[in-house]
Amino acid sequence: MDEGARLFSYYVNLAFRSFRRSPGLTALMVLAISFGVAATMTTFAVFRAVSGDPIPWKSSRLFVPQVDTWGPAARGSSGEPPNALDYGTASALLRDHRGTLQSAIYKLSPAVQASQTGSHPINVDGHAVGAEFFPMLDVPFRYGSGWSRQDDEARANVAVISERLNRRLFGGENSVGRTLAIEGRSYRIVGVLRHWDPQPRFFDVVNTGGFSAAGEDLLLPFNTAIAAGIATTGNTACNKNPDEAGIAGLVHSGCAWIAYLVQLDSRDAANAYRRYLDGYARQLKDSGAVQWEPNNRLRDLPAWLDHLHVVPPDTGVSLLVALGLLVVCLVNTSGLLLAKFLRRSGEIGMRRAVGASRTAIYAQFLIESGMVGLAGGCLGLGLTAIGVMCVHWLLPADIASLARIDAVLLALTICLALLSTLLAGAYPTLRATRVQPSLQLKAF
Amino acid sequence: MTVHPMISALRKHKAGVALIVLQVALTLAIVCNAIFIIGTRIERIARPTGLDEADLFLITQQWVGLGASADNMERLDAMQREDLATLRGLPEVASATPISSLPLLDSAAWNGAVDLRPVQSNASAKANFYFADEAALPTLGLRLLAGRNFEAGDVQHKPFGDVGAPAIVIVSKDLADRLFPDGDAVGKSVYLDGNAAPSRIVGITSRLQTPGINDYGAYYSVLVPSRFNSTFSRYAVRAKPGQRDAAMRAVSAALYRVNGQRVIADDGIRSYTDIRQQAYRADIGMALLMCGVSLILLCVTAAGIFGLTSFWVDQRRRQIGVRRALGARRRDVLSYFQLENLLIVGTGAMAGVALAIALNLLLISRYEMARLPVVHVLLGVLLMVCLSQLSTFIPARRAVKVEPASAIRSM
């Protein structure tokens, strides 16, 4: 065994002796560290889950346009245009087709029945989208694919269903080409999704509030769904009541109920799109349809999620408070380590007198702190597991289900415990190395 | 006893004292804010909805195979009336009403303007509209404070989402007081959603919360005598006292029996207890989390003080022995340690109050929290001081037991 390893095992041995001498104090430190680390990691697990980028490879190229069709009276103090588009604006943007890819989106929850079987109809959640929705969001398919732009224009009765719905209705086999009855009409299945449950539901924050426990089981062509009168089950904001009921009334109204997403591949493209939106709004004013100056917004996806406060403020507050708890636990550990190390001034003086260097003392006490940290980390792992379980039990299902324990979290927990304890032990260790051998020996 | 020798003794433990002061300050800052968060959440949860919540449940169901086109409206309404008759006929059911939403449901809210003049540009008040029939008051357990209830003849049926200009409405007391501070709302006319035609207020109910859980004018509600016709419908049902669970089991089968072409989802029949719990789940979770964090913090800090005081007691056995030998009473030794702790924790608490306010300001600026009331801070300081005195007491008791002779012998 080489010298370093021998010394290391000697220091570990010394640390164990020290722990045995004051088991209460040691247990207290380990507990404090583990609680601090567990609280931080549990709240971090939730925070990480809700503040993550749902489509990191593309989020900076996806944009949400807002056009002010309601005017200054409806704006409120923030001066913001409505969060969603009315049908007229959405179809104008679709028709002009200025982005690389784009889609109008609305939420629906129709009753669905597999045509072949005589089973009970079931309610499914999903969205009405355009053909370009699938390539724009890189939606993964197990069987088949999305529909074409021709299908959009022809208002074809086609549908894409989720793997889950496919399992429920068709036992999981390739159902492309089979038919579904949706609100009394027959639709041909053109694609079956692979598992796809983006959180937050970035493409329809307005209607889902961000996180959604409802499935994404059915996607229908936007134009087809409107023509079939499939009602929106999302939010509808109106400044004037529609004259007619149902989807027909919404289509002819100024109500804002359609989410819209457009892909713009460069900064120039985004600026050009902004100019296009302003041009569109200017045209509305010139034609006399509205009386106010253009007031549009074009936010990229991260800015949009931030604007709508998708990350619940509670998760931020929790993380902050838990970090505070960790700091208190560290200060506590630091104080206890200081007391523990200084109590051993005699031992340190003796070791220094018989030739141990300051570095050796430093190594010895850092190893002792590190071992406390490691023990705290291991206990903290268990407590984090319990914490995440409690989160599942306490928090609303849509958020709680996202908080997961994975390898990254495990590694982070141990690292956090070790590093923070070493940090807490740094000052006490420094003090220990400053012990004067002569002064201590005199006291013997 | 003077404080001066105590301070000079503490100078010898600068680092240890500084660490305790820091720990106490941080603990106090966090605990104050945590208690405040818990308080606000409990206050929110305790808000009364105005409903008589026991025995109340909600049914949401959807008919299949019939679109919501204008031609189908009469049929959809007939089916809704058939459902209501079925529900009202069940032996476990006391009353039932069609309803567009319920307090705390946090969805399907219909918010609109209530104006005192026709086609007004700035709303006199923003309120939530509940669309229900004459059974709404008894079903929801609302009291009529003035005027009259709807009668069966008042109730219209409209396509879903059509507020129109109802001839009569009932408003909640909060809204009535807001619009007519003189208390003479009954018989007055209001204009809903910028309508040109008036709606006459025929009654005033007791408190009635709106469906949104984050609403500001949370008690501005309007009851409109109207059934909404669509492919889906929603019914609030009051079971006979104590028979809610039996009623919830019975309604599903009864509705399917009368018309099988419908979907009642797994969560289509929800007790009001469940709706309330769902609505406040995040608040309860946050309050419990803050409770847990505060508890851990106080325990860790108490244990830390305990540990350090123990260490100091051990270190000072000799001084204590000398003091005892020179005539100090046990009580003096005890009060020395208690006073020393009070000095340290007092300093920490003062820093903690400043930190608590700073943390609160940070939370206000980043997370739109309210201002921390002074009471919470004082409560936190008191809690901290008591706790630290208690955790000093045990090691200090040990110091008291040091025999004067034994301490001097070890010299």
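Things to note:
- Straight-line cross-link partners of B:Lys173 among the lysines, defined as a Cα under 16 Å from its Cα and at least 8 positions apart when in the same chain: B:Lys126, B:Lys188.
- For chain A, share of DSSP beta bridges that run antiparallel, in % to the nearest 5: 80
- Working from the Cα coordinates of the range A:68-263, the gyration tensor eigenvalues give, after taking √(5λ), semi-axes of 29, 17, 16 Å in decreasing order.
- Chain A - convex hull of alpha carbons, volume per residue in Å³: 208
- Once you reduce the range B:266-327 and the range A:160-216 to the center of their Cα atoms, the two points are 47 Å from each other.
- Per-residue 3J(HN,Hα) values for the range A:173-180, derived from phi via the Karplus relation 6.51 cos²θ - 1.76 cosθ + 1.60 with θ = phi - 60°, read 7, 5, 9, 4, x, 7, 10, 10 Hz in sequence order (x marks Gly and Pro).
- Once the Kirkwood radius over Cα pairs is known for the range A:343-437, the Stokes-Einstein relation at 25 °C and 0.890 mPa s delivers a diffusion coefficient of 157 µm²/s.
- Percentage relative contact order, chain A, counting C-alpha pairs under 8 Å, at least six apart: 27
- Reach of A:Lys285 by Cα under 15 Å, taken over aspartates and glutamates that are not fewer than 8 positions away in the same chain: A:Asp68, A:Glu293
- Among the DSSP helices (H) of chain A, those spanning at least 20 angstrom by Cα along their long axis with an average Kyte-Doolittle hydropathy of 1.0 or more are A:23-51, A:313-343, A:358-394, A:407-433; this is a geometric and hydropathy rule only.
- Among A:356-364, B:13-21, B:362-370, sorting by the average number of other beta carbon atoms lying within 10 angstrom of each residue, highest first, gives B:13-21, A:356-364, B:362-370.
- For B:189-195, mean number of other protein chain Cβ atoms within 10 Å: 1
- Under 17 Å from B:Lys12, Cα to Cα: aspartates and glutamates that are on another chain or at least 8 residues apart: B:Asp314, B:Glu340
- Taken over the Cα atoms of the range B:251-336, the convex hull encloses 141 Å³ per residue.
- Tail beyond 35 Å, pair distance distribution of chain B (Cα, percent): 51
- Derived value for the protein assembly as shown: Kirkwood hydrodynamic radius 31.6 Å. Basis is the mean of 1/r over every pair of different alpha-carbon atoms.
- Dimensionless Rg over Rh [the range A:19-169; C-alpha; Kirkwood]: 1.20
- Across the range B:65-260, counting alpha-carbon atoms alone, Rg and Dmax equal 16.9, 52 Å.
- Loop-located trypsin sites (Lys or Arg not before Pro) in the range A:232-332 (DSSP state other than H, G, I, E, B) with a sparse environment of at most 16 neighbouring Cβ atoms within 10 Å: A:Lys240.
No value in this document is a laboratory result; all are computed from the given coordinates. Please read all numbers here as calculations on a predicted model, not as lab measurements. Cβ atoms come from the backbone with ideal geometry, glycine included; neighbour counts cover every protein chain shown.
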